[in-house]
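Quick notes on the structure that follows.
The values are calculated or read from the model by the stated rules, or taken from the named source; none is laboratory data. Quick caveat: nothing in here was measured; it's all calculated off a predicted structure. For neighbour counting, all protein chains shown are included, and Cβ atoms are generated from backbone atoms with ideal geometry for every residue, glycine included.
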Amino acid sequence: MAKYSYAYYVDLVEKGYFGNVMKEDIPAAIACFTEDARITIYHGDNAVRHFYGNPTQGQRPLAAFYDHLLGNYDAHFEGFSHYVDVDNKRCASHFTVTLAPKTGSAYEETGTLTLNNCNFFKCIDGKIEDMIIYYANPTLGSIMGVETSSPTGFPR
């Protein structure tokens with residue numbers, strides 16, 4: 001079993017995965033994952049969402065995540081900071097995502113959003129087996145004219 005380097009994981013995440021998402025080359029982005037991969041998304045107090053490389057009945061495929069994202073937005077990822085554990089084949093990446101709604105998108109009126117993300121990648125044989133996404137959307141409240149309240153568990 002090969003041992004991959006810090007540089008390999010950074011390249012896998014930035015160029016292989018996010019680079020292909022920005023180019024809207026979904027087959028190439030999905031090729032960064034193992035066949036039985038899973039994506040889990042955590043966003044505030046919203047329900048947890050899962051997507052699967054080999055979905056069973058009732059599960060959403062990885063492609064459904066990208067169909068929604070890239071069907072509605074031009075996505076740009078930048079400002080990466082990576083934390084790589086080579087021995088355990090794991091990587092965490094903090095970065096900024098800019099989502100510009102595409103013409104005709106249901107989100108067009110909302111305008112461009114800037115998200116703060118932290119993704120965690122567990123890899124096997126040089127591919128992503130599990131990607132956990134945590135993100136905050138601090139621009140949405142002001143764009144929509146909504147006053148935000150304190151996060152859950154934080155005093156007002």
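Here is how the numbers come out for the structure above:
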{"read-out": "Residue in the stretch 92-104 that is over 14 Å from the mean Cα position of the chain (by Cα), more than 26 Å from Tyr8 (Cα to Cα) and loosely packed, with under 13 Cβ neighbours inside 10 Å present", "value": "yes"}
{"read-out": "Residue check for Ala37: closer than 19 Å to Met131 by Cα, in contact with a Gly (Cβ under 7 Å, 6 or more places away or on another chain) and at pLDDT 95 or above", "value": "yes"}
{"read-out": "The one condition in (1) acidic (Asp, Glu); (2) closer than 16 Å to Ile128 by Cα; (3) in a strand (DSSP E or B) that Asp74 fails to fulfil", "value": "(2)"}
{"read-out": "Within the stretch 1-37, considering residues that are in contact (Cβ under 8 Å) with a residue 40 or more places away in the chain, part of a helix (DSSP H, G or I) and in contact with a Leu (Cβ under 8 Å, 6 or more places away or on another chain), the one farthest from Val97 (Cα to Cα)", "value": "Ile26"}
{"read-out": "Val97 being out of contact with any Cys (no Cβ under 9 Å at 6 or more places or on another chain) and in a strand (DSSP E or B)", "value": "yes"}
{"read-out": "Filter result (on the phi < 0 side of the Ramachandran plot and charged (D, E, K, R)) within the stretch 73-114", "value": "Asp74, Glu78, Asp85, Asp87, Arg90, Lys102, Glu108, Glu109"}
{"read-out": "Thr40 under 17 Å from Pro61 (Cβ atoms) and either in a loop (DSSP other than H, G, I, E, B) or touching a His at 6+ places or on another chain (Cβ under 6 Å) (or both)", "value": "yes"}
{"read-out": "Verdict on Thr56 being part of a loop (DSSP other than H, G, I, E, B) and farther than 21 Å from Asp25 by Cα", "value": "yes"}
{"read-out": "Matching residues in the stretch 38-83 - criterion: being over 17 Å from Lys102 (Cα atoms), polar (S, T, N, Q) and in contact (Cβ under 8 Å) with a residue 12 or more places away in the chain", "value": "Thr40, Asn54, Ser81"}
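Table: residues versus (1) in contact with a helix residue (DSSP H, G or I) (Cβ under 7 Å, 6 or more places away or on another chain); (2) surrounded by 15 or more Cβ atoms within 10 Å (Cβ to Cβ).
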| position | (1), (2) |
| --- | --- |
| Gly16 | no, yes |
| Gly19 | no, yes |
| Glu35 | no, no |
| Ile39 | yes, yes |
| Asn46 | no, no |
| Tyr52 | yes, yes |
| Asp67 | no, no |
| Gly79 | no, no |
| Asp85 | no, no |
